[in-house]
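To start, the structure under review is shown below, and the notes come after it.
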Amino acid sequence: MTSITRMLIATLVFSLLMISVDSDAQQAEKIPKIGFLSGGSPGSPFIEAFETGLRDLGWVKGQNVAIEYRYAEGKAERLPDLAADLVRMSVDLIVAPGPPARHARDATSTIPVGFLLGADPVAFGLVDSFERPGRNLTGTMENNPELTAKRLQLLKEAVPSVTRVGILWQPGTLTAAKFQDVLKNAQAAASTLGVQLQTFEARDPGQIEKAFADMASAQMNGLIFIHSPMFAARRTARIDIDLVAKHKFAAIYEWGVYADAGGLISYGANLLDEYRRAAPYVDKILKGAKPGDLPIEQPTKFELVINMKTAKVLGLTIPPALLLRADQVIK
């Protein structure tokens, strides 16, 4: 073999190696990139639940998918800039739990957005309908206002002395028709249980304390929260839970995280499960599905959580039969 032949072979081998390296680099650059827009802070167990859901479907962060997290750390005014930053990065998809969904919607009309919303996405103007969301958004609705009647039954069972129950809600988080349906069912249950119901509104955080004062003036001794993003934003700081304790209301909430934080009772979806349920939407969209064709899903599994510490503070004795039915009892 001549030196020229050896040189040609070496050149060819080198070229092939470079093509392979370049191809590998291009493949690495092409892994999907997910943007995650959070109103909270790093270290949340919900983030781990979301990543677990992705791993169950074969998407492993740092291997075949990249995730860019942006945290507002409780400062809602930062969300528009954080959403815009993800759009500038040309992420393939934005996951936006709760209020950040609105900012993701405002930042892009082309990048798919998967939300986890604690309010009616139709009322919020995020989608056209539950069955056919349209646009570039879809996701799950963790709010279950239709369980208000069931929550009233559980509250009465837990605290038989409750006779006057306030329903606290934020107008605009449900369509008017939906709220009337919820109220109609709750009134029917109240009539059977011998309970008087009255609704109270808080359109913004500045109206919440007045709503509590109005409930106290109306001699309410029970309270049902109809969840909204506004109440969710105040949960971490226990603001509303402390107001409930101040007025000595027996209150029932939607999610177990409220009972964990000191609420008396909760009945609704498990939020960790809901974050895991966001992963199938991501999987379908990354594989080519259009978000506007993916129906909004609502939870089908609900859990009852009772905080016995809070019951003791309130001087309440929870019936043993109800404790046996609880999914979790906090002692």
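The values are calculated or read from the model by the stated rules, or taken from the named source; none is laboratory data. Just so you know, these numbers come straight off a predicted model, no measurement behind them. Cβ atoms come from the backbone with ideal geometry, glycine included; neighbour counts cover every protein chain shown. Heads up: the accessible areas ignore ligands, DNA and RNA and are worked out on the full protein's heavy atoms, side chains in. Shrake-Rupley method; radii C 1.70, N 1.55, O 1.52, S 1.80 Å.
Here's the yes/no breakdown for (1) touching a residue at least 60 places away in the same chain (Cβ under 8 Å); (2) touching a Leu at 6+ places or on another chain (Cβ under 9 Å); (3) among the charged types (D, E, K, R):
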residue: ALA190; (1), (2), (3): no, yes, no
residue: GLU209; (1), (2), (3): no, yes, yes
residue: SER217; (1), (2), (3): no, no, no
residue: MET220; (1), (2), (3): no, no, no
residue: SER228; (1), (2), (3): yes, yes, no
residue: PHE231; (1), (2), (3): yes, yes, no
residue: LYS246; (1), (2), (3): no, no, yes
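Which of the residues that make up region 132-155 are over 23 Å from PHE36 (Cα atoms) and part of a loop (DSSP other than H, G, I, E, B)? Break it down stepwise before answering.
Step one: of region 132-155, the residues over 23 Å from PHE36 (Cα atoms) are 132, 144-155.
Those that are over 23 Å from PHE36 (Cα atoms) and part of a loop (DSSP other than H, G, I, E, B): ARG132, ASN144.
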Could you please let me know if PRO319 is at pLDDT 90 or above and over 27 Å from SER44 (Cβ atoms)? yes
Being in contact with a helix residue (DSSP H, G or I) (Cβ under 8 Å, 6 or more places away or on another chain) and of a type outside the set (A, V, I, L, M, F, W, C) is the filter here; which residues of region 199-213 pass it? THR199, GLU201, ASP204, PRO205, GLU209
How many residues does region 257-273 contain that are surrounded by fewer than 24 Cβ atoms within 10 Å (Cβ to Cβ) and assigned to a helix (DSSP H, G or I)? 5
Just to be sure I understand the filter: pairs with C-beta atoms under 9 Å, separated by 6 or more residues or on different chains, first member in region 65-88 and among the β-branched types (Val, Ile, Thr) and at pLDDT 95 or above, second member open to solvent by 20 Å² or more (accessible area, probe 1.4 Å) and assigned to a strand (DSSP E or B). Which pairs pass? VAL65/LYS33; ILE67/LYS33; ILE67/LYS61
Where a residue in region 171-185 is modelled with pLDDT of 85 or more and its partner, wherever it lies, is hydrophobic (A, V, I, L, M, F, W, C), with Cβ under 7 Å and at least six apart: ASN185/ALA149
Any residue at all in region 110-131 that's farther than 14 Å from ILE34 by Cα, open to solvent by 10 Å² or more (accessible area, probe 1.4 Å), within 20 Å of the chain's Cα centre (by Cα) and polar (S, T, N, Q)? yes
Please verify whether GLU77 is outside any helix (DSSP H, G or I), of a type in the set (Asp, Glu), open to solvent by 10 Å² or more (accessible area, probe 1.4 Å) and out of contact with any Pro (no Cβ under 8 Å at 6 or more places or on another chain), treating the condition exactly as stated. no
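In region 214-254, which residues are acidic (Asp, Glu) and touching a helix residue (DSSP H, G or I) at 6+ places or on another chain (Cβ under 7 Å)? Explain how you work it out, then say what you get.
Our first condition is that a residue be acidic (Asp, Glu); within region 214-254, this holds for 214, 240, 242, 254.
ASP240, the sole residue that qualifies.
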